[in-house]
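Worksheet: one structure, shown below.
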Amino acid sequence: MSLLRQPLLLVSRSELVKNLVSTMPVSAGIVNSYVPGESTESAVEATRALVDDGLKVTLDFLGEDTLDAAQAQATVDAYLDMLRQLTASGLARNAEVSVKLSAVGQALPRDGDKIALDNARTIVRAARNAGTTVTLDMEDHTTTDATLATLRELRKDFPETGAVLQAYLHRTESDCRHLAFEGSRVRLCKGAYKEPESVAFQSRLDVDKSYVRCLKVLLAGQGYPMIATHDPRMVSIASSLASRYGRAQGSYEYQMLYGIRPEEQKRLADSGETMRVYIPYGQEWYGYLMRRLAERPQNLSFFAKSLISKK
Ligand code: FDA
């Protein structure tokens, strides 16, 4: 992992830095390149542009670590509004949604898991009515068991619900085995949080090796793997493994984040692959932005310039 990554993830917890950065209008250069806007309309507009280009989309209403039940409810309402607008625009077939359980109440001190489950169920039901699906994002390792338990509950009535697994965790190869069954949608990413050695691989090489082991399990299995990475090596290995395991195009998909390697996104879609772009939107873009910068410190100078000009 990059030397800059850990300090940046720590700085991202500083209130001072957060206040400074959060006063930037979302249009400030770097923010806008990762987040199309703060409103549902801006997200729907970005969805339309990508779908017109032959891509699919998953939408994430930004927000995490909600410690307030009213805020959790407001997040549910935002998802319902988004699903209504996607349906009205004829986009719901090509756009699913991604939900962070901590944004819908998982971290609340009392009954957090139950509140998050009930709220997630409301969103999952609305998504089904709109003809689309939900994937549960995965947050730091202290939430993995609770998130997988919520997935199991939701799948009883809504088996189309998917979840994210993070290759940097030691446990993930085994989680992949448990989730590689028919109809199971698993989004495999490397993982974006600062995790201790006791639970997570620390070097880039070890994370990549784990990613490949997990890919093998998922592509050889019966489920629907969603290969979420911008890493050219991982994409090329996934493509070879898909051929090795006799996977037809459309029996798995690639996923990348909005604004990252857009030309590669288009290339994969043009070659007949299903390519889905993760679009985050909303006012709470700070934590998301800091994780992206931690992965790509080259962007820091660009970021510093947009902070100074503060347009
Ligand atoms: P990595 O960061 O190792 O980069 C490898 C290469 O990719 C780079 O050398 C470069 O070529 C290219 N690249 C990467 N970032 C780039 C950039 N900003 N600009 C240009 N090129 C770049 N994490 C998590 O913990 N929980 C979750 O729920 C999710 N959900 C999720 C959904 C989707 C659809 C995606 C794509 C990712 C996530 N993530 C996530 C984030 C994920 O864990 C990871 O942090 C990032 O995807 C970065 O890892 P990469 O696999 O892209 O490779």
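Of the residues Leu91, Leu80, which single one is open to solvent by 10 Å² or more (accessible area, probe 1.4 Å) and either of a type in the set (A, V, I, L, M, F, W, C) or closer than 22 Å to Gly37 by Cα (or both)?
Answer to the check: Leu80.
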Would you pick out the residues in segment 232-275 that are among the polar types (S, T, N, Q), over 12 Å from Leu219 (Cβ atoms) and open to solvent by 70 Å² or more (accessible area, probe 1.4 Å)? Gln249
Which numbered condition trips up Ser271, out of (1) of a type outside the set (Val, Ile, Thr); (2) at pLDDT 95 or above; (3) touching a strand residue (DSSP E or B) at 6+ places or on another chain (Cβ under 8 Å); (4) more than 9 Å from the ligand (Cβ to nearest atom)? (3)
Residues of segment 54-107 being among the hydroxyl-bearing types (Ser, Thr, Tyr) and within 24 Å of Arg291 (Cα to Cα), in sequence order, are Thr58, Thr66, Thr75, Tyr79, Ser98, Ser102
Only residues in segment 282-295 that are at negative phi and in contact (Cβ under 8 Å) with a residue 60 or more places away in the chain count as the first member; pair them with residues that are in a loop (DSSP other than H, G, I, E, B) and not β-branched (Val, Ile, Thr), Cβ under 6 angstrom, at least 6 apart or cross-chain, and list the lot. Gln283/Glu38; Glu284/Leu62; Glu284/Gly63; Trp285/Leu62; Gly287/Glu64; Tyr288/Leu62; Met290/Ser12; Arg291/Ala192
Output the residue which, of all residues in segment 36-63 that are open to solvent by 50 Å² or more (accessible area, probe 1.4 Å) and among the charged types (D, E, K, R), is nearest to Lys114 (Cα to Cα). Glu38
Qualifying positions in segment 171-191 - touching a helix residue (DSSP H, G or I) at 6+ places or on another chain (Cβ under 6 Å), part of a loop (DSSP other than H, G, I, E, B) and within 11 Å of the ligand (Cβ to nearest atom): Lys190
Of (1) out of contact with any strand residue (DSSP E or B) (no Cβ under 9 Å at 6 or more places or on another chain); (2) within 12 Å of the ligand (Cβ to nearest atom), Gln265 satisfies every one except (1)
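For the subset of segment 192-205 comprising residues that are of a type in the set (D, E, K, R) and open to solvent by 60 Å² or more (accessible area, probe 1.4 Å), which member is nearest to the ligand (Cβ to nearest atom)?
Per the criteria, the residue is Arg204.
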Against the definition (open to solvent by less than 50 Å² (accessible area, probe 1.4 Å), of a type outside the set (Ser, Thr, Tyr), in contact with a strand residue (DSSP E or B) (Cβ under 8 Å, 6 or more places away or on another chain) and free of Cβ contacts under 8 Å to residues at least 40 places away in the same chain), how does Val97 come out, yes or no? yes
Being charged (D, E, K, R) and without any contact (Cβ under 8 Å) to a residue 40 or more places away in the chain is the filter here, so list the residues in segment 36-67 that pass it. Glu45, Asp52
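The values are calculated or read from the model by the stated rules, or taken from the named source; none is laboratory data. The structure displayed is predicted, hence computed values, not measured ones. Positions of Cβ are backbone-derived with ideal geometry, glycine not excepted, and every protein chain shown enters the neighbour counts. Side chains included, ligands, DNA and RNA excluded: accessible areas come from the protein's heavy atoms. Shrake-Rupley method; radii C 1.70, N 1.55, O 1.52, S 1.80 Å.
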